[in-house]
Amino acid sequence: MYLSKITIKKLRNKVESKGGFQIALVPMQPDTFLNVKIATDTLYQGLTKVGISVLVDDRNEKPQNKFEVIEFLKIRHRLVISSRSISAGVYEYRDLKTDYFEKITESQALEFLQQRIAL
């Protein structure tokens, strides 16, 4: 689900009755950087295809505002996708329960996330 496209009612229903989200993708300025939008959409499709529940916070907000929503919703896994990180060939993963942080390559992202979420 893309946060900018859902209502509060739908979000509440997802969180309260369907177990919430397993991971949050946090694209930084997807409206400005096409590579961020494409990378986010591709990863979103791959994750949902394998049955992982994903929230994409694609709002034009500061990173801290996005992170606060993710923490409020108690989403354990977070992946930040930015133009700078894409240029470096990595995404920034954080497990919010253990505070584990790792930079992962685009090519390993789907498999890595599946393994981390299964823990």
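Looking at E16, is it more than 13 Å from the chain's Cα centre (by Cα), on the phi < 0 side of the Ramachandran plot and not small (G, A, S)?
Here the answer is yes, as E16 does meet what is asked.
Scan region 1-55 for residues that are surrounded by fewer than 16 Cβ atoms within 10 Å (Cβ to Cβ) and over 17 Å from I75 (Cβ atoms) and report the count.
Qualifying residue count for the region: 13.
Just to verify a result, which residue in region 38-64, among those that are assigned to a helix (DSSP H, G or I) and free of Cβ contacts under 8 Å to residues at least 12 places away in the same chain, is farthest from L3 (Cα to Cα)? Step through it out loud before you land on a result.
Keep residues of region 38-64 that are assigned to a helix (DSSP H, G or I), which gives 38-49, 63-64.
Now narrow it down to the ones that are free of Cβ contacts under 8 Å to residues at least 12 places away in the same chain: 38, 41-42, 45, 48-49, 64.
Numbers: I38: 17, D41: 13, T42: 17, Q45: 15, T48: 15, K49: 19, Q64: 15 Å.
In this case the residue turns out to be K49.
Name the residue that is surrounded by the most Cβ atoms within 10 Å (Cβ to Cβ), counting only residues in region 67-119 that are acidic (D, E) and either touching a residue at least 24 places away in the same chain (Cβ under 8 Å) or in a helix (DSSP H, G or I) (or both).
Applying the filter and picking the extreme gives E106.
Would region 86-108 turn up any residue that is touching a helix residue (DSSP H, G or I) at 6+ places or on another chain (Cβ under 6 Å) and of a type in the set (S, T, N, Q)?
No: zero hits.
Here, each number is a calculation from the coordinates, and none is a lab measurement. Computed from a predicted model, the values in this text were never measured in an experiment. Using ideal geometry, Cβ is built from the backbone for each residue, glycine included, and neighbour counts are taken over all protein chains shown.
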